[in-house]
C-alpha cells in the first residue's frame, strides 16, 4: 500500500513539473454516440489543466459526499502524524447523525483509531461518522472545522462553494459547482497519501479497543473488477449521493501517457422506466473516458531541428538572414482524422531582425501550433549558425545612428561653430601679419658715397684746416641724390 501511494505521489509531482501538450478544446470535438444523463459534467486534462468538455460546469449543485475531499485535505495538511495521532470517538459526534440514515462505518463512542484509519474510512467507505470525528479532532470543534473548510475553499479560488458540514448531508446552504470541484480534486491529488487512499478498492482496518478488524470496500465501482463499470486505468476519486444532489462522481484515468479528470453531478438516482437504482453516473463517466481515449491519438506535431522560419540579420557580411529551427520535439493528443494540413503554425519573433554576432542555440522567438482554433503546443525558435559581426558595418551603423541623435547634432553644431571661429581668427591674424611683414621688409634709400677730395677726405667737417682749398673754400653739403623708381623711402612715423 505504501509503495502504491509513493508511486501515485511521484506521478502527480511529475505531472506538475512536466506539462504535456494541450488537449483539444471542447468546441474542437464534441462527444458523439451517447447522451449524458448528468445535469453537470466536466472533462479536464490533468496534464495541462485545460478543459476538454463541459456541460453546465458552473451551475450550483449539491456535492453530497464529494464534500469529504475537503475534509481529507484539511486532515492531511494539519501536520499531525497520521499513525501516531490516536483519536478517541466522542458520542456527541455520533449523535449528530442519528435519524439521518446516512452512510456510516459503525464507529463506537470511546473507540480509539489512528488518523490514518479514519481517513481510509472517510474516503473509501464514505463514512459520515468518520467525517465528524475527523472534523472535531482537527478543528477542535465541528463549527470551527467548517470555518476552516470555507477558508480553504476561498484560498483555492472556489468562489461558488460553501460548506456547512464535513460530510455532505443535504443542506440548502451547502453547495458547489463542477468547476470548483475540479479545482479541489486537482489540489488534493497532489497531496501525500490522498491519491493512494482514493485509488484503493478495498482496505482492512486494524482491530482496536472497541472493534475487530473491518474490511471496507470503495464505493467507486470503477475500481471494482467485479462491477460492470470497472476501468483498469482509473484511479479514484470520490462518489456522492443524496436525493437532492442525485448521483455524483469525481474520477481520474490515464492512458497512453495522458491523464484526465472527469466530474459528473446530479445524475438520476433511479431509472425512470424500471424505477430501479440507476448507475448513470458510472456509465456517463465510462462513456466520456472511452470517447476521449478512442477518438484521440498521440501524434508528433514537429521534430526538434525542423526548419520553421528565417529571420533577417544585420551587421553580417556572410549572409543577410539566419534560419530558425524547432528547439524541441512536440507531440500532442489529436483527433485520429487530423493531419498535418489541419495544424496551423504561427511564427512569433522577438524582433523583426537580429544583429550579428549570432551564436548557435540563440532563441529568436517561438512557434505555436493550432488545431481547430485551439493552441496545442509551442516550441522555441533557435539558430544553428554562428555568424560574426562585421566591424565596418557596425561602425557605419553607429555613425548613421548617431547622426540622427540630438547629442550628435549638438556636437556637430559646436564643431562647425569652432571651425567658423578659426577661419575668422585666421583672417584677422593673417591681415596683421601681412602688415608686419611689410615693415620687416622696408629698405633704406641708397645714398652714393661722398665725393672725396684729392687728400682722401670725404667729409669737409672732418677735414683739417690745412686741407681747405684756399681757392674754392670749404665745400658745401653733399649733393642730394636723385630718386629712382625702384628706391624705397623711409619715413619716420
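The values are calculated or read from the model by the stated rules, or taken from the named source; none is laboratory data. It should be emphasised that the depicted structure is a prediction, and the values quoted were computed from it without experimental measurement. So basically every Cβ, Gly included, is an ideal-geometry build from the backbone, and we count neighbours across all protein chains shown.
Going by the structure shown, is residue 327 surrounded by fewer than 19 Cβ atoms within 10 Å (Cβ to Cβ) and over 21 Å from residue 44 (Cα atoms)? Here the answer is no, as residue 327 does not meet what is asked. Per this entry, residue 64 is counted among residues that are at pLDDT 95 or above, within 30 Å of residue 139 (Cβ to Cβ), touching a strand residue (DSSP E or B) at 6+ places or on another chain (Cβ under 8 Å) and surrounded by 14 or more Cβ atoms within 10 Å (Cβ to Cβ).
Within the range 299-308, the presence of at least one residue that is closer than 29 Å to residue 261 by Cα, out of contact with any helix residue (DSSP H, G or I) (no Cβ under 9 Å at 6 or more places or on another chain) and in contact (Cβ under 8 Å) with a residue 60 or more places away in the chain is confirmed. Count of the range 196-205 residues, restricted to those that are loosely packed, with under 14 Cβ neighbours inside 10 Å and more than 14 Å from residue 118 (Cα to Cα), is 1.
Residues checked against (1) assigned by TED's automatic domain parsing to the domain that holds residue 51; (2) at pLDDT 90 or above; (3) farther than 30 Å from residue 255 by Cα:
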| residue | (1), (2), (3) |
| --- | --- |
| 317 | no, no, yes |
| 329 | no, yes, no |
| 337 | no, no, no |
| 387 | no, no, yes |
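The residue that is farthest from residue 357 (Cα to Cα), counting only those in the range 309-318 that are touching a strand residue (DSSP E or B) at 6+ places or on another chain (Cβ under 7 Å) and in contact (Cβ under 8 Å) with a residue 40 or more places away in the chain, is 309. Of the residues making up the range 194-233, those that are modelled with pLDDT under 95 and touching a helix residue (DSSP H, G or I) at 6+ places or on another chain (Cβ under 6 Å) number 1.
Being under 24 Å from residue 47 (Cα atoms) and at pLDDT below 95 holds for only one residue in 276, 255, 238, and it is 255. Scanning the range 223-250 for residues that are surrounded by 18 or more Cβ atoms within 10 Å (Cβ to Cβ) and farther than 20 Å from residue 121 by Cβ turns up 231, 234, 245, 246, 247.
Pairing residues of the range 270-296 that are in contact (Cβ under 8 Å) with a residue 60 or more places away in the chain with residues that are buried (at least 19 other Cβ atoms within 10 Å of the Cβ) and assigned to a helix (DSSP H, G or I), at Cβ distances under 9 Å and at least 6 apart in sequence or on separate chains, gives 282/221; 282/222; 285/222; 286/222. Against the condition surrounded by 13 or more Cβ atoms within 10 Å (Cβ to Cβ) and modelled with pLDDT under 85, how does residue 297 come out, does it pass? For residue 297, the condition - surrounded by 13 or more Cβ atoms within 10 Å (Cβ to Cβ) and modelled with pLDDT under 85 - is met.
Taking the condition touching a helix residue (DSSP H, G or I) at 6+ places or on another chain (Cβ under 8 Å), on the phi < 0 side of the Ramachandran plot and assigned to a loop (DSSP other than H, G, I, E, B), does residue 57 pass? Write out each step before concluding.
Numbers: touching a helix residue (DSSP H, G or I) at 6+ places or on another chain (Cβ under 8 Å): yes; on the phi < 0 side of the Ramachandran plot: yes; assigned to a loop (DSSP other than H, G, I, E, B): yes.
Considered against the rule, which asks whether it is touching a helix residue (DSSP H, G or I) at 6+ places or on another chain (Cβ under 8 Å), on the phi < 0 side of the Ramachandran plot and assigned to a loop (DSSP other than H, G, I, E, B), residue 57 comes out as yes.
Out of curiosity, is residue 2 modelled with pLDDT under 90 and surrounded by fewer than 18 Cβ atoms within 10 Å (Cβ to Cβ)?
On the way: modelled with pLDDT under 90: yes; surrounded by fewer than 18 Cβ atoms within 10 Å (Cβ to Cβ): yes.
Spelling it out, residue 2 is indeed modelled with pLDDT under 90 and surrounded by fewer than 18 Cβ atoms within 10 Å (Cβ to Cβ).
Before we move on, is residue 184 at pLDDT 95 or above, farther than 22 Å from residue 78 by Cβ and crowded, with 18+ Cβ neighbours inside 10 Å?
no
Checking every residue in the range 168-178 against the condition of being assigned by TED's automatic domain parsing to the domain that holds residue 199 and in a helix (DSSP H, G or I) gives at least one match. Within the range 180-236, the residues that satisfy the criterion of being in contact (Cβ under 8 Å) with a residue 24 or more places away in the chain and assigned to a strand (DSSP E or B) are 202, 203, 205, 214, 216, 217, 234, 235, 236. Consider residue 162 carefully, then state whether it is without any contact (Cβ under 8 Å) to a residue 24 or more places away in the chain and in contact with a strand residue (DSSP E or B) (Cβ under 7 Å, 6 or more places away or on another chain). For residue 162, the condition - without any contact (Cβ under 8 Å) to a residue 24 or more places away in the chain and in contact with a strand residue (DSSP E or B) (Cβ under 7 Å, 6 or more places away or on another chain) - is met. Just checking, does the range 206-217 include any residue being buried (at least 22 other Cβ atoms within 10 Å of the Cβ) and out of contact with any strand residue (DSSP E or B) (no Cβ under 6 Å at 6 or more places or on another chain)? So far as the range 206-217 goes, no, none of its residues is buried (at least 22 other Cβ atoms within 10 Å of the Cβ) and out of contact with any strand residue (DSSP E or B) (no Cβ under 6 Å at 6 or more places or on another chain).
Could you list, in sequence order, all residues of the range 341-379 that are on the phi > 0 side of the Ramachandran plot and surrounded by 14 or more Cβ atoms within 10 Å (Cβ to Cβ)? I'd like the intermediate steps shown before the answer.
We begin by selecting, within the range 341-379, every residue on the phi > 0 side of the Ramachandran plot; these are 361, 365, 372-373, 377.
Those that are on the phi > 0 side of the Ramachandran plot and surrounded by 14 or more Cβ atoms within 10 Å (Cβ to Cβ): 365, 372, 377.
Of the helices (runs of 4 or more DSSP H) lying entirely inside the range 76-157, those containing at least 3 residues that are crowded, with 18+ Cβ neighbours inside 10 Å and in contact (Cβ under 8 Å) with a residue 24 or more places away in the chain are 115-123, 128-139, 142-155. For the criterion of being assigned to a loop (DSSP other than H, G, I, E, B) and in contact with a helix residue (DSSP H, G or I) (Cβ under 8 Å, 6 or more places away or on another chain), residue 251 fails.
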